[in-house]
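None of the figures in this text is laboratory data; all of them are computed from the coordinates on show. Note that this is a predicted model, so its numbers are computed, not measured. Because the Cβ atoms are built from the backbone with ideal geometry, glycine has one as well, and the counts that use them run over all protein chains shown.
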Amino acid sequence: MNNEKSIIDLAREAQEGTSQDSPTASAPEMNSGNFSNVPQDADMQSALEGLLENVHDKLKYVEVSLPSKGLFYPKSDSRVSVRPLTFDDERSLRNMNTDNMVTVLTTILGACTKGIDISLLTPPDRLFLLFKVRELSYGDDYKLEQNCEECGVKNSLTLKLSTLEIDYLEEDYTVFELPDSQKEVHIKPPRASQLVNVDMDSLMNDLFKYIHSISGVSDSTVIEEFIRRTTVRDVDVLRNKIFIPPYGMEDKLMFNCMKCNQATKAAVVLNEYFFTAS
Ligand SMILES: [Zn+2]
């Protein structure tokens, strides 16, 4: 036991040591990946600079426009920048599997973006930013495979990420009238972080959590009871507005099967292979 403790202490000391030794980050707009092993010696430093001369521009932050136009975030968060992955980021991605995917991707997003609180991201914005990191890191081409719905033949496809269409949020999207009760609802969109590991049942039970007010009433108990008692048509509208918002990046692609020419839809999914040079 004592032994284990001392190892942890050693590791902590070592970590503190490196952070003290590491030079403070140079240009703030540059990729602030973990460059703690930068040579201290001036000759080594300039040699390294020479080797990296063509890379600096490629590692820069790029400003992007979120599909939500930043409307669900504090005002300062409307301009968001993304940088490509570094070697260190890639290392954490290499250990990604289906179980830790959400955590790893959240860490990556936190490291590669600025101007936004990652924990507040809505699902469409989060997906969009992950695609951006992918595109900046490995380029526009993304290879995927999809079996034809008609003849079953496996089609190898190359998707140009930049061609995926983006629908931007309409400003008045969160306020609308319900069809049957004819009451005006003001919704608050779910954050991606709220939807992790949530099953359909609890999602539906928690519908009231995503409603700011109905006709000026914001008491959550009243709203919960209203949902229970109003028509299913009202509830259906609420559900769609809250959970299937009409903004974000296209995550499907249509193609014609190379064998039978059948038009087939391929989903561009995020999995452990998403962040690899294809
Ligand atoms: Zn086919």
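What residues of region 213-247 lie in the reach of a label at Phe176, counting those whose backbone N is under 14 Å from a point 7 Å from the Cα along Cα→Cβ?
Residues 233-247 qualify, since their backbone N sits under 14 Å from the label point.
Show which lysines lie in cross-link reach of Lys154 when reach means a straight Cα distance below 20 angstrom and same-chain residues fewer than eight apart are skipped.
Cα-Cα hits under 20 Å: Lys143, Lys252, Lys259, Lys265.
Can you pull the three principal axis extents for the Cα set of region 237-276, in Å, largest first?
Result, largest extent first: 43, 28, 13 Å.
Which whole-number percentage describes the relative contact order of region 114-246, with Cα contacts under 8 Å and a sequence gap of 6 or more?
Normalised by residue count, the contact order of region 114-246 is 22 percent.
Given a cut-off of under 8 Å on Cα pairs at least six residues apart, what relative contact order in percent is computed for region 175-244?
Relative contact order of region 175-244: 40 percent.
For region 68-177, what is the Kirkwood hydrodynamic radius in Å, using each pair of distinct C-alpha atoms?
Working: mean 1/r = 0.0621 Å⁻¹.
With all distinct Cα pairs of region 68-177 included, I get 16.1 Å.
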